[in-house]
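Engineer: Below you'll find the structure I mean.
The values are calculated or read from the model by the stated rules, or taken from the named source; none is laboratory data. On a predicted model such as this, the values are computed, not experimentally measured, just so you know. For neighbour counting, all protein chains shown are included, and Cβ atoms are generated from backbone atoms with ideal geometry for every residue, glycine included.
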Amino acid sequence: MKSDNKIIGAGVLTAITASLCCITPVLALIAGTSGIASAFSWLEPFRPYLIGLTIFVLGFAWFQKLRPRTKEEIECACEDDEKPKFTQSKTFLGIVTVFAVVMLAFPYYADVFYPQNNNQEIVFEQADVKTVEFKVSGMTCAGCEAHVNNEVNKLEGIVTVNASYDNGNAIVKYDPSKTSSTEIEQAIKSTGYKVTNENQQQ
């Protein structure tokens, strides 16, 4: 039925929308346009509601698919006696459900799409290393953290970088003879996230 297809379509749409804030950084990485990474971060506060709506819509679709037909529906099923279209089958609904689950879980595994940059910077004296903490707004998941880490690690002289969406910051250890806090800040900003302030640490 067309109504079934609309329900399924709504479930897919809400599932994608719920994870759009974390899908965008990965798409930005693939496209090489990291500046659009935070474009949908404003959706993060609505994520729990979108997840709930997705579960409700798909649950209703499964209920419609699995419930026993009434006597009236059986009597009027002359047209439906033909083999149903694939898009109206339980198999298709199962595929859509799995896709929705994969989309909803995306923020928890998005970081696997980013290259692992293991810096091998050799620093002979600890005194040569500076630590700076940047307050970063706009990060919403592990994928956002990985995006910031990936961009900062492209700079020469980075010892370690640890971005955290929970803490809303990025702590970077670097060799000031090879890079600067200004360059690091620009690298973070290039992802589309906002740097509100920085604190030098030792």
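Engineer: Pairs only if they're at least six apart or on different chains, beta carbon under 7 angstrom, first in region 1-12 and assigned by TED's automatic domain parsing to the domain that holds K90 and at pLDDT 75 or above, second surrounded by 17 or more Cβ atoms within 10 Å (Cβ to Cβ) and part of a helix (DSSP H, G or I); list them, first residue then second.
Structural biologist: Close Cβ pairs satisfying both conditions: A10/V57.
Engineer: Please verify whether F46 is among the aromatic types (F, W, Y), modelled with pLDDT of 80 or more and over 30 Å from K154 (Cβ atoms), treating the condition exactly as stated.
Structural biologist: no
Engineer: I would also like to ask the following. Which residues, taken from region 173-202, are closer than 24 Å to T140 by Cα and touching a Ser or Thr at 6+ places or on another chain (Cβ under 7 Å)? Before you say what the answer is, go through the steps one by one.
Structural biologist: The first filter runs over region 173-202 and keeps only residues closer than 24 Å to T140 by Cα, leaving 173, 181-199.
Passing the criteria: K173, S190, T191, G192, Y193, K194, T196, E198.
Engineer: Starting from residues that are farther than 19 Å from N5 by Cβ and assigned to a helix (DSSP H, G or I), keep the ones in region 58-91 and report whichever is modelled with the lowest pLDDT. Spell out how you get there, then give the answer.
Structural biologist: First, pick out the residues of region 58-91 that are farther than 19 Å from N5 by Cβ: 68, 70-72, 74-76, 78, 81.
Filter once more, keeping what is assigned to a helix (DSSP H, G or I): 71-72, 74-75, 81.
On the way: K71: 67, E72: 67, I74: 58, E75: 59, D81: 51.
Here the answer is D81.
Engineer: Now a separate question. Quick check: anything in region 93-114 loosely packed, with under 13 Cβ neighbours inside 10 Å, at pLDDT 65 or above, of a type in the set (G, A, S) and within 29 Å of V152 (Cα to Cα)?
Structural biologist: yes
Engineer: So, in region 127-149, of the ones that are among the polar types (S, T, N, Q) and part of a strand (DSSP E or B), which residue ends up modelled with the lowest pLDDT? I'd like the intermediate steps shown before the answer.
Structural biologist: Of all residues in region 127-149, those among the polar types (S, T, N, Q) come to 131, 137, 140, 149.
Now narrow it down to the ones that are part of a strand (DSSP E or B): 131, 137.
Values: T131: 92, S137: 88.
If we take residues in region 127-149 being among the polar types (S, T, N, Q) and part of a strand (DSSP E or B), then S137 is modelled with the lowest pLDDT.
Engineer: Could you tell me whether any residue of region 157-177 is in a loop (DSSP other than H, G, I, E, B), among the hydroxyl-bearing types (S, T, Y), at pLDDT 90 or above and surrounded by 15 or more Cβ atoms within 10 Å (Cβ to Cβ)?
Structural biologist: No, that holds for no residue.
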